[in-house]
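The values are calculated or read from the model by the stated rules, or taken from the named source; none is laboratory data. No experiment lies behind these values; they were computed from the predicted model shown. When we count neighbours, we look across all protein chains shown, and the Cβ atoms used for this are built from the backbone with ideal geometry, even at glycine. SASA here: full protein model, heavy atoms, side chains in, ligands and nucleic acids out. Shrake-Rupley method; radii C 1.70, N 1.55, O 1.52, S 1.80 Å.
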2 protein chains.
Amino acid sequence: MSIVERRLREKEAMRTNILTTAWQIVKDEGWQSLSIRKIADAIQYSVPVIYDYFENKDAILLEFGKQGFEQLIAKLAAAKDSTPDPAEQLKAIADAYWIFAFKNKEFYQLMWGMGAPTCEMDKCMPERSIFRDLVMAPMIEVINKANGEDAETNACLKYHTFWSILHGLVSIKMVAPADDTEQLNKLVLDDAITGFIKNLKI
Amino acid sequence: MSIVERRLREKEAMRTNILTTAWQIVKDEGWQSLSIRKIADAIQYSVPVIYDYFENKDAILLEFGKQGFEQLIAKLAAAKDSTPDPAEQLKAIADAYWIFAFKNKEFYQLMWGMGAPTCEMDKCMPERSIFRDLVMAPMIEVINKANGEDAETNACLKYHTFWSILHGLVSIKMVAPADDTEQLNKLVLDDAITGFIKNLKI
DNA sequence: TACTTTTGCTAACGCTGTTAGGGAAGGTAA
DNA sequence: TTACCTTCCCTAACAGCGTTAGCAAAAGTA
């Protein structure tokens, strides 16, 4: 049955060909100008061929979204594992998030609906609990170390604040990037997060 | 010359007719499905007529953007004026921002590029200094009251944090609205902002 | 009444996502 | 080798989008 194997291999190759070609277009020209026809043109096939491998354009975007979330979560998890101290873990996660966002602008914009593409990213978002587990545990620990009581309710509030500081800072820098130096922006993140962590301990 | 007056009046009437019709479409179906043809259809004129009143579709979006920013700034300024205490001013501004965002989802999404529309909102954003002045002054006061020194550099950092908390919380709730009650979300904002203000005073 | 401006239309161009239908090629069985 | 069937991949179209050229009718002016 080596002939069906070859076929499967070719199908898989075409799929990744479509994806890498699409990715190249996005990196060169942005999400806005990614079109089925452009992909077809670049891979030197006619348009309907794309639809043999993806149900529609959204399916392609969702595929990228999935990849983006996977990579982000991997980075965050690695950052968390880089230190045993819970406060340092939170700082490390924040830094990793920041770095990911600007090293992978295209991913970030797609994942949070900031670029052009109109597509319900919910469909490729990982379980909310994954993000929760990453941040919630060290946060509870920090709070508990400070006042020795059960801190879950408080941590639930702080959890949202943590992500909003991160996402908010990134968003603002992405929308209006020009006015400050790279240096200053990193300072803002550091200040905000260390301020946040300090506040947890009170 | 009452005849040219009537003409000016009619031109103005048509312009607002286009805008209110477009706004209705947006409220009913979202930014995604606002199209020149749909507007033309609704006002019962042919498509090119729209272009006698607006240079292109972006010009219509920019008009809405301008309106949105004006309304937002008015709300924030009113909130600031509602109390003389600088710490309370910050809290009031944050609350007003929050309320505006969810009472005017369409505006907010357009202004910060969260909906579909692809259009450079920079072109209708007010001077950055307007936002700065609203928040920076009370912030410096709060910091100064606490430690009596010059606080401008510090306030510059905190300024970004303030907006990122706000924008971040709003964004996250808009992307993933369903999982918590209205009540809890307001709690998160309160906690984050009071935590932030408390941190200023240290 | 004759001329000019304004108004608003039809029809098109080039782009988008998506799909129907057919021809050619590849693989299978007699 | 011939007959058949599946798979592949194309052309051509549909319906929608923003935008514009060009023309006919209406409105205003002399």
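Listing for the model above:
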item: Filtered residues of the stretch A:63-85 (kept if farther than 15 Å from A:Lys123 by Cβ and charged (D, E, K, R)); result: A:Lys75, A:Lys80, A:Asp81, A:Asp85
item: Matching helices (runs of 4 or more DSSP H) fully within the stretch B:84-153 where at least 2 residues are among the polar types (S, T, N, Q), out of contact with any Cys (no Cβ under 6 Å at 6 or more places or on another chain) and not assigned by TED's automatic domain parsing to the domain that holds B:Asp28; result: B:128-147
item: Residues located in the stretch A:27-67, provided they are more than 12 Å from DNA strand C (Cβ to nearest atom) and open to solvent by less than 20 Å² (accessible area, probe 1.4 Å); result: A:Ile43, A:Phe64, A:Gly65
item: Test: residue in the stretch A:23-30 that is within 16 Å of DNA strand D (Cβ to nearest atom) and over 30 Å from A:Ala192 (Cβ atoms); result: no
item: Some residue of the stretch B:126-141 being over 21 Å from A:Thr194 (Cα atoms), within 10 Å of chain A (Cβ to nearest Cβ) and not basic (Lys, Arg); result: no
item: Considering residues of the stretch B:171-197 that are more than 7 Å from chain A (Cβ to nearest Cβ) and at pLDDT 85 or above only, the residue most open to solvent (accessible area, probe 1.4 Å); result: B:Thr194
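Results for (1) more than 16 Å from DNA strand D (Cβ to nearest atom); (2) in contact with a strand residue (DSSP E or B) (Cβ under 7 Å, 6 or more places away or on another chain); (3) within 14 Å of chain B (Cβ to nearest Cβ), shown as yes or no for each residue.
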position	(1), (2), (3)
A:Arg6	no, no, no
A:Thr16	no, no, no
A:Val49	no, no, no
A:Asp52	no, no, no
A:Phe69	yes, no, yes
A:Leu76	yes, no, no
A:Lys80	yes, no, no
